[in-house]
Amino acid sequence: MNAIDLANLFLDRFGKENALTHMKLQKLVFFADGWNAGFKESRLLEEAPEVWRYGPVYHSLYSALSGRGNNPVRGLIKATPFTDPVINPGNDDISKLVDWIWGKYGQISAVRLSDMTHAIGTPWHTMAVRHNFKVPFNLQIPDDVMREYFRKLAHEEGLVES
């Protein structure tokens, strides 16, 4: 699955009643990808988030939504003018994860979600520190960093056993 398809799931389920901005979609996709790694020890997405100045960013999603500013995303996202949006994950676990992520993070503002992704110890922060906050262009957050952080959160919240 790619980041755009996952963002489209959030838009399809929750975008009609909620103002989902580019930033909020980036963060919801990040948390879904991360929690999936924490629960299943595998990445949900074929694309890793990159370490950008304002937090973790999925490059494909950024490219598709750049220029929209803080305006709500209305309608599903097309990766290119020649592709139709995908909203059927074909996997009930993904649907359950999207609903769970929305329940956990959906009512939190985009700015607060961004702050949460910058907190000490997060995957974004870990990679920024490793590079002394002089992060090279296109630096991806490695799978093990995502898995380790979200697995730790899952343990702390009593969601998985050791």
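Here are a few things to note about the model shown:
- Of the residues screened, Gly75 is one that is over 17 Å from Gly38 (Cβ atoms) and not charged (D, E, K, R).
- Exactly one residue out of Val51, Val98 is among the hydrophobic types (A, V, I, L, M, F, W, C) and in contact with a strand residue (DSSP E or B) (Cβ under 9 Å, 6 or more places away or on another chain): that is Val51.
- Residues in segment 83-95 that are surrounded by 11 or more Cβ atoms within 10 Å (Cβ to Cβ) and either farther than 18 Å from Pro49 by Cβ or out of contact with any helix residue (DSSP H, G or I) (no Cβ under 9 Å at 6 or more places or on another chain) (or both): Pro85, Val86, Ile87, Asn88, Pro89, Asn91, Asp93, Ser95.
- Cβ-Cβ contacts under 7 Å between residues 6 or more apart (or on different chains), taken from a first residue in segment 141-162 that is without any contact (Cβ under 8 Å) to a residue 24 or more places away in the chain and of a type in the set (S, T, N, Q) to a second residue that is surrounded by 12 or more Cβ atoms within 10 Å (Cβ to Cβ) and part of a helix (DSSP H, G or I), are listed as Ser162/His155.
- Only one of Trp102, Trp124 that is closer than 25 Å to Leu11 by Cα and either part of a loop (DSSP other than H, G, I, E, B) or touching a Lys or Arg at 6+ places or on another chain (Cβ under 8 Å) (or both): Trp102
Okay, residues lined up against (1) crowded, with 16+ Cβ neighbours inside 10 Å; (2) touching a helix residue (DSSP H, G or I) at 6+ places or on another chain (Cβ under 8 Å); (3) under 15 Å from Gly34 (Cα atoms):
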position	(1), (2), (3)
Val98	yes, yes, yes
Ala110	yes, yes, no
Ile120	no, no, no
Pro123	yes, yes, yes
Arg147	yes, yes, yes
Leu159	no, yes, yes
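- Leading residue by the ranking (farthest from Trp35 (Cα to Cα)) among those in segment 133-145 that are part of a loop (DSSP other than H, G, I, E, B) and at pLDDT 95 or above: Leu139
- Selection count where residues are β-branched (Val, Ile, Thr) and within 19 Å of Thr80 (Cβ to Cβ), scope segment 34-56: 0
- Checking Ser95 against (1) on the phi > 0 side of the Ramachandran plot; (2) in contact (Cβ under 8 Å) with a residue 40 or more places away in the chain; (3) over 14 Å from the mean Cα position of the chain (by Cα), the condition it does not meet: (1)
The values are calculated or read from the model by the stated rules, or taken from the named source; none is laboratory data. None of the values given here were measured: they were computed from a predicted structure. Because the Cβ atoms are built from the backbone with ideal geometry, glycine has one as well, and the counts that use them run over all protein chains shown.
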